[in-house]
Every structure is written in C-alpha cells, then in structure tokens.
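All remarks here apply to the structure that follows.
The values are calculated or read from the model by the stated rules, or taken from the named source; none is laboratory data. As the structure is a prediction and not an experimental result, all values here were calculated from the model. Positions of Cβ are generated from backbone atoms using ideal geometry, with glycine treated the same way; all protein chains shown enter the neighbour counts.
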Ligand SMILES: C[S@@+](CC[C@H](N)C(=O)[O-])C[C@H]1O[C@@H](n2cnc3c(N)ncnc32)[C@H](O)[C@@H]1O
C-alpha cells in the first residue's frame, strides 16, 4: 500500500479537500515519501530524460554563456555560480569543464545549489566533486553577484488550478471519492476573486476553461530578480511552456517515460505543469531586473553555436558517436522535439546588456 496516498487520504478526511498545490508539494517533496526524495529518476532506466542528460553540448554552451556574462559583469573576483534543481549535477559538470577556457572564472566561482532532495544532493556531490553549499530555498542564497541556472526546475513547482463556471472561477481541489475511495478532483463551492486569475487573456476564457497559477514559481522569480538587482549578475531559466499566458490544463504525471494518472500513485510519478513565462518574466521585473526572451530552446542553442559544437564533436569520431551527436542535436533543436515547446528566458541586472544568445 502506498503510505503517502494513505497520509493524503487521512489528511483530506480530517481537514477537507486540499489544493492541487498542496497535493503536488506532498507528492514531489514529502520528506520521506516524496518523488524526488528517494530516487534518481533520470535516464533510460528512470522516468524521463532532460536536456543535459541528452548531450554534454547543452551544459557546455551554458557554461560558456556564464563565462561571457561574468566578463560582462566586470569579472568579479568572487561570485556565486548557482543552479536551482540540479538533478544529477550533469549540467554543472559540463558547464565547469567548458569554462576551463577561463581559469579566473572557475577560480572565482563559489558553487551554490538549491536542492531539496537528499538523494539527489548525494548524486550532485559525487559528480561535481567541488566544494558545494546547498540551500533549501533561494531565500538562503548569500549576498554575492550571481550567475544562476534553472533547467526544468520551475515545471516541478506546485501549481493551483481554477475552472470557470457560470458563476465565476472556482479552485480545483483534490478530495476522496466517497464511493471508490480514490483521490479525485472537485471544485471548491466558493468562487475566488477575479484578480486571482493571472491575466486578462485567461479571464476572458469561456465556461469550462482551466487557469493555472504557480505562486511558488512567481515568488522565486521575484526573489531572483531582487537578488540580481541588489548584487548584480544574471540568470537563465529553461523550461517548457507558453511564451504568453493562456488557459489550459497542463498538469501531468510521467512514469517510465509514459503518461499516467497524476492522482493514482502519489510519490511514484513525476508531476509537472507548463511554465507561464509571461508571469515569470513579470515577477522577475517586479523584483527589479530586466528580462530577455523567452526564445525557443532551438533558436537559443543554435545562436549560441550548437551547430559548430556538434560539428567539432563529430569530427574524426567513429560512426556510432557521430550518430549520437546528430541525434542529440535533433532532439534539442527540432520543433517537434524539445526545440519549440522548451523556452529560454534570461534575467539580468539593469546595467548588463542583452544576454548572449538572445539576438533576434
Ligand atoms: C526535473 S528535475 C531537473 C533536474 C536538472 N535540472 C536537469 O535538467 O537534469 C527537477 C529538479 O528540481 C529539484 N526540485 C524540485 N522541487 C524543488 C524545490 N521546491 N526546491 C528545490 N529543488 C527542487 C529536484 O529534486 C530535481 O533536482
């Protein structure tokens, strides 16, 4: 029997229906049974694969992006190189290897990782093999100039959902079906205030439409914006979702590289939702920084020189390695793969010029 499911069912029986954000927070982050707490979910043997796990080229280009931004910042002698939700640490390993072309950058970098999973902190230490300071939240980051990377971090943060009915927007709650005793969705009987729905475009959606908000993501983007405005630096956010806010239900569960019912087996599947880049950008600007993009991941990587890097890796390589490089290039950039749905957005201190890779 799934202990986390029992815990959630007991909670609902005593306290009443819980928000989707509470459910998602428990399913992913419960200290003992949460999805990320006990496992390494990446790769062919896991549940999903991310861009840094597809190819070293992804982390390498981001490492060079950081080196360029560090020069733009005046090459500070001490700065924080920070990653949010680093997974296995693969992106950081590839980024630091590529950054060796600038030894002063590597020596000045103090590594700070924001990671709540104990299991993944161990993976990160084993792969990165440098002095690392971990934090549970961005609020704990030190007051230093910063370069901050977040790849597929924001999609893992808890969302709330609302549905439009004939008498306004009602929150979608998670409850226990009295007949089947399974978890199910139910609308809160009391409508929320109209201003809880993020944008005018969504508020105009017809009856039955779903709206999503990510209070945790917006809070983090505002904190990053405030940090960069106060201490200097830049951030790169890469994730999947629309450039402009739009209605729709994007809540999904993935297990073993396939979709499954997100309420069926909490703690055993990855739960995610699309990132609303319009909201995230606004939160970052409210924090005090400037934003670039979002651009599609394909365009961003090509403008950073992915084609040249793929050519270099293929040169003189045996045919199977050449094939692997070509396949990775395709997965990262093709519109029907990760090239279009995935977006890249930068935050920067107002004194910094346009971020590399965002020229249009
Ligand atoms: C989908 S994985 C992405 C991993 C990595 N960035 C990559 O691209 O391979 C999400 C990462 O965010 C971490 N994470 C999820 N929720 C978090 C939270 N609220 N605070 C900090 N880390 C979190 C997970 O433990 C995991 O490392």
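Screening segment 76-88 for residues that are under 22 Å from residue 309 (Cβ atoms) and part of a loop (DSSP other than H, G, I, E, B) and picking the one that is nearest to the ligand (Cβ to nearest atom) gives 87. So how many residues does segment 65-75 have that are in contact (Cβ under 8 Å) with a residue 40 or more places away in the chain and either within 16 Å of the ligand (Cβ to nearest atom) or part of a helix (DSSP H, G or I) (or both)? Total satisfying the criteria: 6. Does residue 11 fit the bill of being over 23 Å from residue 214 (Cα atoms), more than 11 Å from the ligand (Cβ to nearest atom) and in a helix (DSSP H, G or I)? No.
Among the criteria (1) assigned to a helix (DSSP H, G or I); (2) in contact with a strand residue (DSSP E or B) (Cβ under 9 Å, 6 or more places away or on another chain); (3) not assigned by TED's automatic domain parsing to the domain that holds residue 11, the one residue 21 does not fulfil is (3). As a summary of the residue check, residue 173 satisfies the conditions (1) more than 15 Å from the ligand (Cβ to nearest atom); (2) surrounded by 14 or more Cβ atoms within 10 Å (Cβ to Cβ); (3) more than 29 Å from residue 247 (Cα to Cα) except for the one numbered (3). The set of residues from segment 182-206 being within 22 Å of residue 252 (Cα to Cα) and more than 27 Å from the chain's Cα centre (by Cα) comprises 182, 186, 187, 188.
Which of the residues that make up segment 237-261 are under 17 Å from residue 2 (Cα atoms) and touching a residue at least 60 places away in the same chain (Cβ under 8 Å)? Quick ask: steps written out before the conclusion?
Let us first name the residues in segment 237-261 that are under 17 Å from residue 2 (Cα atoms), namely 253, 255, 260-261.
Of everything in segment 237-261, just one residue is under 17 Å from residue 2 (Cα atoms) and touching a residue at least 60 places away in the same chain (Cβ under 8 Å), namely 255.
Test residue 23 against the stated conditions and say whether it is buried (at least 22 other Cβ atoms within 10 Å of the Cβ), near the ligand (Cβ under 10 Å from one of its atoms) and in contact (Cβ under 8 Å) with a residue 12 or more places away in the chain. Judged against the criteria, residue 23 is not a match.
Being within 15 Å of the ligand (Cβ to nearest atom) and over 17 Å from the mean Cα position of the chain (by Cα) is the filter here; which residues of segment 46-64 pass it? Lay out the reasoning, then the answer.
Kept after step one, since they are within 15 Å of the ligand (Cβ to nearest atom), are these residues of segment 46-64: 46-63.
Those that are within 15 Å of the ligand (Cβ to nearest atom) and over 17 Å from the mean Cα position of the chain (by Cα): 46, 55, 56, 57, 60, 61, 63.
The residues in segment 226-262 that are in a loop (DSSP other than H, G, I, E, B), within 16 Å of the ligand (Cβ to nearest atom) and surrounded by fewer than 22 Cβ atoms within 10 Å (Cβ to Cβ) can be counted, and the count is 4. When 265, 316 are checked against the criterion of being modelled with pLDDT under 95, outside any strand (DSSP E or B) and closer than 30 Å to residue 173 by Cα, a single residue qualifies: 265. Would segment 89-105 turn up any residue that is at pLDDT 95 or above, part of a loop (DSSP other than H, G, I, E, B) and either within 12 Å of the ligand (Cβ to nearest atom) or under 24 Å from residue 304 (Cα atoms) (or both)? Checked segment 89-105: at least one residue is at pLDDT 95 or above, part of a loop (DSSP other than H, G, I, E, B) and either within 12 Å of the ligand (Cβ to nearest atom) or under 24 Å from residue 304 (Cα atoms) (or both). Residue 308 meets the conditions (1) surrounded by fewer than 21 Cβ atoms within 10 Å (Cβ to Cβ); (2) more than 28 Å from residue 360 (Cβ to Cβ) in every case but one. The failed one is (2). Contact map, segment 116-136: residues that are without any contact (Cβ under 8 Å) to a residue 60 or more places away in the chain and not assigned by TED's automatic domain parsing to the domain that holds residue 96 paired with residues that are assigned to a loop (DSSP other than H, G, I, E, B) and surrounded by 14 or more Cβ atoms within 10 Å (Cβ to Cβ), Cβ distance under 7 Å, separation 6+ or inter-chain. No pairs are found. Do we have residue 210 as in contact (Cβ under 8 Å) with a residue 24 or more places away in the chain, in contact with a strand residue (DSSP E or B) (Cβ under 9 Å, 6 or more places away or on another chain) and surrounded by 20 or more Cβ atoms within 10 Å (Cβ to Cβ) here? Here the answer is no, as residue 210 does not meet what is asked. Would you please name the residue that is nearest to the ligand (Cβ to nearest atom), looking only at residues in segment 137-148 that are in contact (Cβ under 8 Å) with a residue 40 or more places away in the chain and exposed (fewer than 13 other Cβ atoms within 10 Å of the Cβ)? Here the answer is 139. Any idea which residue in segment 106-136 is nearest to the ligand (Cβ to nearest atom), counting only those that are in contact with a helix residue (DSSP H, G or I) (Cβ under 8 Å, 6 or more places away or on another chain) and in a helix (DSSP H, G or I)? The qualifying residue nearest to the ligand (Cβ to nearest atom) is 124.
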